[in-house]
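Remarks on the structure that follows.
The values are calculated or read from the model by the stated rules, or taken from the named source; none is laboratory data. Predicted model, so just to flag it, every value in this text is computed and none were measured. Counting neighbours? That spans all protein chains shown, and the Cβs are built from the backbone with ideal geometry, glycine included.
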Amino acid sequence: MKGIAFVFFATATICALLGMGWGIHMSASGDHTMAPAHAHLNLLGWVTLALFGLFYHLVPQAAEGLLAKIHLGLALLGVITIVPGIYLAIGQQGEALAKIGSVLSILSMLVFVIVVFTRGRAR
């Protein structure tokens with residue numbers, strides 16, 4: 001695995017490790033208040049980023065060009081902003097970061113849809 005596929009997958013594994021650690025902490029403390037933020041770290045961070053990485057690995061021509069780089073940037077920024085944003089929202093410290101992360105995440109998926117339909121077919 002190399003290039004964008006590797007970056008997606010490597011970042012996904014970091015998110016998985018952090019998500020598992022956070023889950024263990026919540027279980028040990030008995031405080032599951034932040035479960036929604038934890039779930040988003042696991043689903044957007046681990047599962048979604050890993051699936052993106054797998055796609056780019058299986059369809060390397062899709063990883064070529066600017067669109068895949070834009071996708072990577074939006075996806076990573078989405079996870080980096082939505083998880084702490086949800087944490088802050090649950091803590092009644094504002095929802096702005098969660099909203100920004102949500103927009104970045106859906107834009108990332110929109111770009112991915114475009115990549116799949118324009119670059120995803122075998123040559």
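Restricting to the stretch 35-67, name every residue that is of a type in the set (Gly, Ala, Ser) and over 19 Å from Gly101 (Cα atoms).
At the first step, the residues of the stretch 35-67 found to be of a type in the set (Gly, Ala, Ser) are 35, 37, 39, 45, 50, 53, 62-63, 65.
Listed by number, the residues that qualify are Gly53, Ala62, Ala63, Gly65.
Somewhere in the stretch 37-47, is a residue at positive phi and surrounded by fewer than 18 Cβ atoms within 10 Å (Cβ to Cβ)?
As a first pass, look at the stretch 37-47 and keep what is at positive phi: none.
No, there is no match, as no residue in the stretch 37-47 is at positive phi and surrounded by fewer than 18 Cβ atoms within 10 Å (Cβ to Cβ).
Taking the residues in the stretch 91-123 that are in a helix (DSSP H, G or I) and not hydrophobic (A, V, I, L, M, F, W, C) as candidates, determine which candidate is surrounded by the fewest Cβ atoms within 10 Å (Cβ to Cβ).
Ranking the candidates gives Thr118 first.
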Exercise. Is it the case that the stretch 80-98 has a residue that's in contact (Cβ under 8 Å) with a residue 40 or more places away in the chain and charged (D, E, K, R)?
Worked result: no
Exercise. Could you count how many residues in the stretch 1-12 are β-branched (Val, Ile, Thr) and over 11 Å from the mean Cα position of the chain (by Cα)?
Worked result: 2
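Quick one: which residue in Leu51, Leu18 is more than 12 Å from the chain's Cα centre (by Cα), surrounded by fewer than 18 Cβ atoms within 10 Å (Cβ to Cβ) and either of a type outside the set (Asp, Glu) or modelled with pLDDT of 95 or more (or both)? Walk me through how you get there before you give the answer.
Values: Leu51 fails: more than 12 Å from the chain's Cα centre (by Cα).
Answer to the check: Leu18.
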Exercise. Do we find a residue being touching a helix residue (DSSP H, G or I) at 6+ places or on another chain (Cβ under 8 Å), over 15 Å from Ala12 (Cβ atoms) and surrounded by fewer than 16 Cβ atoms within 10 Å (Cβ to Cβ) anywhere in the stretch 72-83?
Worked result: no
Seminar exercise, completed: The condition from (1) loosely packed, with under 14 Cβ neighbours inside 10 Å; (2) in contact with a Leu (Cβ under 7 Å, 6 or more places away or on another chain) that Phe8 misses is numbered (1)
Seminar exercise, completed: Met1 passes all but one of the listed conditions (1) modelled with pLDDT of 95 or more; (2) under 28 Å from Ile114 (Cβ atoms); (3) touching a helix residue (DSSP H, G or I) at 6+ places or on another chain (Cβ under 7 Å); the exception is number (1)
Problem set entry | Matching entry among Gly53, Gly73 (being of a type outside the set (A, V, I, L, M, F, W, C) and free of Cβ contacts under 8 Å to residues at least 12 places away in the same chain) | Gly73
